[in-house]
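Data block below; observations after.
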């Protein structure tokens, strides 16, 4: 799992190529240690997610909102974008074409 990077007051966490039941504990631990009000999950290298991954991302999203924070997804692959559409999570989770766009001031309204 990659260590997070920081862009101003934003934590950016690059997720692995596949996020599923085999590595979800590591991903959840990394998300839990971010501690920033604004978080961007960089999905640029991620080609696959399963229901376990989606559940963890939604849970983290709720935790961010409950704490007054924000969560954005950056650079989702076509496969990940398709999963978000089929599950209708594209209506809940905000996606951006780049980390920079997701990190722009006011990009995500909390």
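The values are calculated or read from the model by the stated rules, or taken from the named source; none is laboratory data. What you are looking at is a predicted structure, and each value in this text was computed from that prediction instead of being measured. Glycine gets a Cβ as well: all are built from the backbone with ideal geometry, and neighbour counts include every protein chain shown.
On the given criteria, is residue 76 modelled with pLDDT of 95 or more and part of a loop (DSSP other than H, G, I, E, B)? Yes: the conditions hold for residue 76.
Inside region 89-110, residues that are part of a loop (DSSP other than H, G, I, E, B), without any contact (Cβ under 8 Å) to a residue 40 or more places away in the chain and farther than 14 Å from residue 57 by Cβ make up a count of 7.
Within region 7-28, the set of residues being surrounded by fewer than 14 Cβ atoms within 10 Å (Cβ to Cβ) and either touching a strand residue (DSSP E or B) at 6+ places or on another chain (Cβ under 7 Å) or within 24 Å of residue 86 (Cβ to Cβ) (or both) comprises 9, 17, 21, 22. Residues that are surrounded by 13 or more Cβ atoms within 10 Å (Cβ to Cβ), in contact (Cβ under 8 Å) with a residue 40 or more places away in the chain and more than 21 Å from residue 17 (Cβ to Cβ) within region 29-84 comprise 38, 69, 70, listed in sequence order. Checking each residue in region 40-69 for being within 20 Å of residue 102 (Cβ to Cβ), assigned to a strand (DSSP E or B) and either at pLDDT below 95 or more than 10 Å from the chain's Cα centre (by Cα) (or both) picks out only 49.
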